[in-house]
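*Asks:* The structure under discussion is supplied below as structure tokens; questions concerning it will follow.
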Amino acid sequence: MGGYKYEGRRLPVQDKKARMKTHRNKMTEQDPLARARNFDEVNLGYDAETAISEAERCLLCPSSPCVKGCPVKIRVPEFLDKISEGKFMEALEIIKADNALPAITGRVCPQEVQCEGPCTQNKVSKEPVGIGYLERYVADLERNSMDRCCVNCSPPTGKKVAVVGSGPGGLTVAADMMRLGHEVHIYEAFHKAGGVLVYGIPEFRLPKAIVDYEIKCMEDLGVKIHTNHIIGKIYSLDELMAEEGFDAIYVGIGAGAPRFMGIEGENLLGIFSANEYLTRSNLMKAYDFPNYDTPIAQGKKVCVMGGGNVAMDSVRTGLRLGAEEAHIIYRRSHEELPARTEEIHHAEEEGVMFDFLTTPIRFIGDDEGKLVAMECIRMELGEPDDSGRRRPVPLEGSNFILEADLAVIAIGAGPNPILTSSEPEIELNRWGYIVADDDGKTSKKGVWAGGDIVTGSATVILAMGAGRKSAASMHRYLTGEEEW
Ligand SMILES: Cc1cc2nc3c(=O)[nH]c(=O)nc-3n(C[C@H](O)[C@H](O)[C@H](O)COP(=O)(O)OP(=O)(O)OC[C@H]3O[C@@H](n4cnc5c(N)ncnc54)[C@H](O)[C@@H]3O)c2cc1C
Ligand code: SF4
């Protein structure tokens with residue numbers, strides 16, 4: 001796909017010029033002040049007319065820089081061309097050839113650095129074609145208009161595949177292997193399948209009905225899902241093979257172990273890891289009180305440490321749970337914020353306050369051990385570090401006190417060792433992530449791995465891309481086409 005060229009119709013020069021003068025169609029959204037107090041989805045979607053008009057902005061570039069920017073190489077100009085002709089289901093078919101979960105990626109992919117970043121329209125006018133919005137449009141259309149998903153599966157091969165972890169990577173492997181005719185069982189530690197899509201990303205960004213629909217489609221295909229199964233505790237990988245009869249295993253257990261700051265007072269009441277805070281709100285449905293009675297701390301002044309998607313989701317959840325003030329505390333500047341551009345913009349619109357070049361050095365509690373404030377220090381940016389971003393350096397004597405009754409730590413996550421520590425044959429790197437080759441093969445025969453447990457915290461589409469490669473390799477192995 002590296003040499004992909006769009007071989008479809010060519011646009012006459014005058015049409016190209018006219019298209020270059022058009023403006024990106026805005027997505028309709030809930031009003032910022034209203035949505036900051038509810039959990040309904042922020043973006044409301046395009047209608048058919050707007051979708052066609054947006055797709056008509058595509059210049060059908062033969063060199064397709066958008067495709068080069070997409071981690072799974074979706075044939076973007078081809079699907080946009082179909083939408084411009086009103087052939088929505090044909091467009092979806094083109095997307096689904098490379099991406100099994102378009103309603104999800106259309107909502108959560110960082111398009112600004114993938115397909116839309118290098119889009120020619122972005123270079124011309126800073127208004128790239130709304131590729132993500134259009135991907136979402138056709139996927140939603142299918143979900144809202146059909147009773148069942150129509151997918152043809154190959155005849156049964158008699159081979160059994162176990163998928164450990166039901167995040168986007170595991171779901172992709174399960175769907176691909178099922179279609180190829182293998183019997184697939186997913187083992188998931190939580191009581192609900194979906195990984196970060198259900199326990200991390202909030203309803204207002206990714207409605208859970210969409211994830212539920214995709215999982216139901218897989219179950220309809222015949223995928224068996226075993227929830228409340230922690231592999232490494234209930235079964236080892238060898239037991240799955242020897243006792244449960246699996247011929248191959250995919251490990252897609254993510255990187256869900258929270259990191260803490262390691263500063264004084266971090267055990268005070270009112271301080272949470274983002275993982276716990278979001279899991280309580282999303283997976284345990286604390287946000288849906290009184291339908292669910294899950295306890296969750298409701299701060300008046302919420303401070304979230306970090307600048308990624310996890311931090312934005314936490315601070316916006318705090319706001320929706322009733323905070324009077326919600327702050328992002330980030331040690332670098334606006335330019336270095338790693339979250340999706342749209343999420344930062346939405347958080348700003350909703351009234352989230354950003355304290356840049358700031359970090360806490362101590363949490364302060366009252367007599368009852370409850371958080372009341374944080375001592376912070378200002379930073380300045382020095383030379384670039386290993387990540388290429390300028391290193392924050394503390395400014396001596398700039399200490400100040402910031403009041404807070406709820407703090408959420410969203411500074412990253414690492415690998416959970418429950419499975420990996422009990423599997424000595426699986427090679428890990430020095431940070432505890434699984435070592436796997438380009439096809440996802442690990443050091444243990446018959447075991448593949450991919451997604452965040454291999455790369456460290458990354459993105460939904462990268463986990464899906466890794467899952468797709470592993471499924472293809474696993475299929476070659478199971479059909480005898482390839483030796484281990
Ligand atoms: C709050 C939040 C917001 C994010 N926002 C975005 C975004 O906007 N865009 C984007 O592209 N990416 C985003 N990401 C990152 C993205 O969600 C991850 O990169 C992606 O989900 C990784 O997929 P995965 O399949 O590797 O694992 P995960 O989605 O982490 O799923 C792993 C699953 O394995 C299960 N598991 C773990 N151990 C075991 C075990 N021993 N036995 C059985 N099951 C086990 C876990 O319970 C989990 O369900 C976000 C992440 C978070 C936390
Ligand atoms: S780069 Fe932009 S304009 Fe060119 S084909 Fe891709 S989406 Fe269309």
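*Asks:* Say we look at region 411-431 and pick out the residues that are closer than 18 Å to Lys233 by Cα, assigned to a loop (DSSP other than H, G, I, E, B) and of a type outside the set (Asp, Glu); which of these is farthest from ligand 1 (Cβ to nearest atom)?
*Replies:* Pro424
Okay, residues lined up against (1) small (Gly, Ala, Ser); (2) within 30 Å of Glu183 (Cα to Cα):
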| position | (1), (2) |
| --- | --- |
| His226 | no, yes |
| Gly232 | yes, yes |
| Tyr235 | no, yes |
| Ala242 | yes, yes |
| Ala248 | yes, yes |
| Ala255 | yes, yes |
| Ser281 | yes, no |
| Thr294 | no, no |
| Asp313 | no, no |
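*Asks:* Can you tell which of Ile253, Ile263, Ile234 is surrounded by fewer than 19 Cβ atoms within 10 Å (Cβ to Cβ), in contact with a Pro (Cβ under 9 Å, 6 or more places away or on another chain) and either farther than 29 Å from Tyr433 by Cα or not small (Gly, Ala, Ser) (or both)?
*Replies:* Ile263
*Asks:* Val42 passes all but one of (1) in contact with a His (Cβ under 8 Å, 6 or more places away or on another chain); (2) within 16 Å of ligand 2 (Cβ to nearest atom); which number fails?
*Replies:* So the condition that Val42 fails would be (2).
*Asks:* Could you list, in sequence order, all residues of region 61-81 that are in a loop (DSSP other than H, G, I, E, B), out of contact with any Phe, Trp or Tyr (no Cβ under 6 Å at 6 or more places or on another chain) and of a type outside the set (Lys, Arg)?
*Replies:* Cys61, Ser63, Cys70, Pro71, Val72, Ile74 - these are the residues of region 61-81 that are in a loop (DSSP other than H, G, I, E, B), out of contact with any Phe, Trp or Tyr (no Cβ under 6 Å at 6 or more places or on another chain) and of a type outside the set (Lys, Arg).
*Asks:* On the basis of being within 16 Å of ligand 1 (Cβ to nearest atom) and within 22 Å of the chain's Cα centre (by Cα), does Val76 make the cut?
*Replies:* Criteria not met by Val76.
*Asks:* Any residue at all in region 439-451 that is away from ligand 2 (no atom under 16 Å from the Cβ), crowded, with 21+ Cβ neighbours inside 10 Å, polar (S, T, N, Q) and at pLDDT 95 or above?
*Replies:* Yes: one or more hits.
*Asks:* Need a quick list: helices (runs of 4 or more DSSP H) entirely within region 205-281 having at least 2 residues that are of a type outside the set (A, V, I, L, M) and more than 21 Å from the chain's Cα centre (by Cα).
*Replies:* 208-221, 237-242
*Asks:* Could you say whether any residue in region 344-351 is in a loop (DSSP other than H, G, I, E, B) and either over 20 Å from Ala36 (Cβ atoms) or touching a residue at least 24 places away in the same chain (Cβ under 8 Å) (or both)?
*Replies:* Yes.
*Asks:* While we're looking at this one, here's another question. Taking Ala189, is it in a helix (DSSP H, G or I) and of a type outside the set (Val, Ile, Thr)?
*Replies:* When the stated conditions are applied, Ala189 does not pass them.
*Asks:* Further question on the same structure: Output the helices (runs of 4 or more DSSP H) that fall wholly within region 94-146 and possess 1 or more residues being without any contact (Cβ under 8 Å) to a residue 60 or more places away in the chain and within 12 Å of ligand 2 (Cβ to nearest atom), or say none.
*Replies:* Those helices (runs of 4 or more DSSP H) span 120-125, 131-145.
*Asks:* Would you mind stating whether Ala162 is modelled with pLDDT of 95 or more and either closer than 30 Å to Gly254 by Cα or surrounded by fewer than 24 Cβ atoms within 10 Å (Cβ to Cβ) (or both)?
*Replies:* yes
The values are calculated or read from the model by the stated rules, or taken from the named source; none is laboratory data. Here the structure is a predicted model, which is why all the values come from computation and not from measurement. Quick reminder, even Gly has a Cβ in these numbers, built from the backbone with ideal geometry, and neighbours come from all protein chains shown.
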